[in-house]
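Right, one structure below, let's go through it.
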Amino acid sequence: QVQLVESGGGLVQPGGSLRLSCAASGSILGINVMGWYRQAPGKQRELVAAITSGGSTNYEDSAKGRFTISRDNAKNTVYLQMTSLKPEDTAAYYCNFRAAGVTSWGPGTQVTVSS
């Protein structure tokens, strides 16, 4: 089992920045993918960005150019640097871990973009 704990959410004004962190603990060996998803009220959860254990990344279209996902394998931590935030980025953000036979979710952290 892999346990995930997110941090770094909060209230930010449009155009502002936030950095989310997700610390993983447990059986984190081998090839895996860690990602950030978000879910706004009344909407489905969607992938924002993901990064493999080898460092390959992919982004949802609206995140490209504004968000950067990174990971520190020594600390078992993945980050999401978010810049130029927009009100439509408001959502609960969830960290996700996937490996062969294992999928884990964090409890989520709220990001609210509002003036």
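If you check Ile28 against the conditions, is it part of a strand (DSSP E or B), β-branched (Val, Ile, Thr) and either touching a residue at least 12 places away in the same chain (Cβ under 8 Å) or closer than 13 Å to Thr90 by Cα (or both)? Step through it out loud before you land on a result.
Details: part of a strand (DSSP E or B): no; β-branched (Val, Ile, Thr): yes; either touching a residue at least 12 places away in the same chain (Cβ under 8 Å) or closer than 13 Å to Thr90 by Cα (or both): yes.
In short, no.
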Which of the residues spanning region 20-46 are more than 14 Å from Thr103 (Cβ to Cβ), surrounded by 14 or more Cβ atoms within 10 Å (Cβ to Cβ) and of a type in the set (Lys, Arg)? Arg38
Test result for Thr52, out of contact with any Phe, Trp or Tyr (no Cβ under 8 Å at 6 or more places or on another chain), touching a residue at least 12 places away in the same chain (Cβ under 8 Å), open to solvent by less than 40 Å² (accessible area, probe 1.4 Å) and under 19 Å from Gly106 (Cβ atoms): no
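Name the single residue that is farthest from Pro87 (Cα to Cα) among those in region 1-19 being among the β-branched types (Val, Ile, Thr) and open to solvent by less than 40 Å² (accessible area, probe 1.4 Å). Step through it out loud before you land on a result.
Start the filter on region 1-19 by keeping residues that are among the β-branched types (Val, Ile, Thr), which leaves 2, 5, 12.
Retained after the next criterion (residues that are open to solvent by less than 40 Å² (accessible area, probe 1.4 Å)): 2, 12.
Details: Val2: 32, Val12: 9 Å.
Among those residues, the one meeting the criterion is Val2.
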Within region 51-90, the residues that are under 12 Å from the mean Cα position of the chain (by Cα) and among the basic types (Lys, Arg) are Arg71
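Which of the residues that make up region 1-21 are under 16 Å from the mean Cα position of the chain (by Cα) and of a type in the set (Val, Ile, Thr)? Before the answer, list the steps.
Filtering region 1-21 down to residues under 16 Å from the mean Cα position of the chain (by Cα) leaves 2-10, 17-21.
Once the filter is applied, which keeps residues that are under 16 Å from the mean Cα position of the chain (by Cα) and of a type in the set (Val, Ile, Thr), region 1-21 yields Val2, Val5.
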How many residues of region 76-110 are farther than 16 Å from Ser27 by Cβ, open to solvent by 50 Å² or more (accessible area, probe 1.4 Å) and in a loop (DSSP other than H, G, I, E, B)? The answer is 3
Does Ser70 count as at pLDDT 95 or above, on the phi > 0 side of the Ramachandran plot and either open to solvent by less than 80 Å² (accessible area, probe 1.4 Å) or touching an Asp or Glu at 6+ places or on another chain (Cβ under 9 Å) (or both)? no
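The values are calculated or read from the model by the stated rules, or taken from the named source; none is laboratory data. Computed from a predicted model, the values in this text were never measured in an experiment. All Cβ positions, glycine included, derive from the backbone under ideal geometry; neighbour counts span all protein chains shown. For accessibility, only protein heavy atoms count, side chains too; no ligands or nucleic acids. Shrake-Rupley method; radii C 1.70, N 1.55, O 1.52, S 1.80 Å.
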